Amino acid sequence: MLKRSKSMYAYYLVWPALLIYSVFFVVPAIIGFYYSFTDWRLDRDTITYIGWDNFKRIFSDETLLLAMKNTLIFAIVTVIGKNVLAIALAVALNMRLKTRNFLRAIFYSPSILSVLVISIVFTPMLRTEGMINRMFETIGLGSFSQAWLTDPSIVIWTVAAVSIWQHTGFQMAIYLAGLQSISKEYYEAATIDGAGLWKSFIHITLPLLLPAININLMLTLIGGLKVFSEVFVLTGGGPGNASQVVGTIILRAFGEGSWGLGTAINTLLFIIVTIISIPLLIFMRRKEVAE
């Protein structure tokens, strides 16, 4: 009886948090799933079940399709950019440099800044006459100057680049923790066997870094698919609808009083995140165990 009581002790600690999570997240999600099949609007007193009409509208609306395309572009670019740069920075700053602690703080600091602050800093820099274009012109690369926030063909890539700049330091910190858990004996043995830096990185560092890679891939992927604040503060979805993402479309739908449609878009986003992230998580877990 005493052993059973001890084994249940952990569950007693979990139940309050689980109850709060269920009340404020699970139950609203279930209710929202129902409302996504209705014509729930601000200007109507009654709510009518309309089946799949909201979802049909999503896949027939060019702006909504563009928003989904932009969301996927943003997610793919930021997942690759953040993780590749973060691994490179983590490996470099894991070396015995006199200034490594200072450099770690410098690279990590953007991740603690508010997105609003990032917007205030980058918006004037990215204007046609801004500092970035002037820098290109000064060093003789004027052909690289662009209308970074007003050219529909590159604006989503610009926002993704700003996001990479801001958040790479956070992913770097996770990779640094993973690198510091790897025993130096592996590298010493590899050196004795004649392996160079690149072979040691491929055959030792990457396999043993898989738990950290798994965590960062999931964080950056889910964050990329749920992007909202970066687009909202930098472009507001413009110019026109060129940088609209699913998050900003949801805000616009709720702002227009189309609550049923907004809930449907949110439900679709949840399904997309689930379909992409769960198989990736399973695959990465299997790779982690295999290694």
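A few points about this structure:
- Flag: Phe74 does not match the condition of being touching a Ser or Thr at 6+ places or on another chain (Cβ under 9 Å), free of Cβ contacts under 8 Å to residues at least 12 places away in the same chain and surrounded by 14 or more Cβ atoms within 10 Å (Cβ to Cβ).
- Scanning the range 77-97 for residues that are open to solvent by 20 Å² or more (accessible area, probe 1.4 Å) and charged (D, E, K, R) turns up just one, Arg96.
- Residue count for the range 186-217, restricted to those that are open to solvent by 30 Å² or more (accessible area, probe 1.4 Å) and part of a helix (DSSP H, G or I): 18
- Tally of residues being among the basic types (Lys, Arg) and surrounded by 14 or more Cβ atoms within 10 Å (Cβ to Cβ) across the range 29-68: 2
- Hits in the range 218-247 (condition: part of a helix (DSSP H, G or I) and either open to solvent by 50 Å² or more (accessible area, probe 1.4 Å) or among the aromatic types (Phe, Trp, Tyr) (or both)): Leu219, Ile222, Phe232
- Which listed residue is among the hydrophobic types (A, V, I, L, M, F, W, C), surrounded by 19 or more Cβ atoms within 10 Å (Cβ to Cβ) and within 21 Å of Ile106 (Cα to Cα), from Val117, Val121, Val162, Val155: Val162
- Boolean, Ala17 is open to solvent by less than 60 Å² (accessible area, probe 1.4 Å) and among the aliphatic types (A, V, I, L, M): no
- Subset of the range 27-50 (residues that are over 31 Å from the mean Cα position of the chain (by Cα) and among the hydrophobic types (A, V, I, L, M, F, W, C)): Leu42, Ile47, Ile50
The values are calculated or read from the model by the stated rules, or taken from the named source; none is laboratory data. For clarity, every value in this text was computed on a predicted model and none was experimentally measured. Backbone-built Cβ (ideal geometry, glycine too); neighbour counts: all protein chains shown. Ligands, DNA and RNA are stripped out before the accessible areas are found, and what is left, the full protein with its side chains, is counted by its heavy atoms. Shrake-Rupley method; radii C 1.70, N 1.55, O 1.52, S 1.80 Å.
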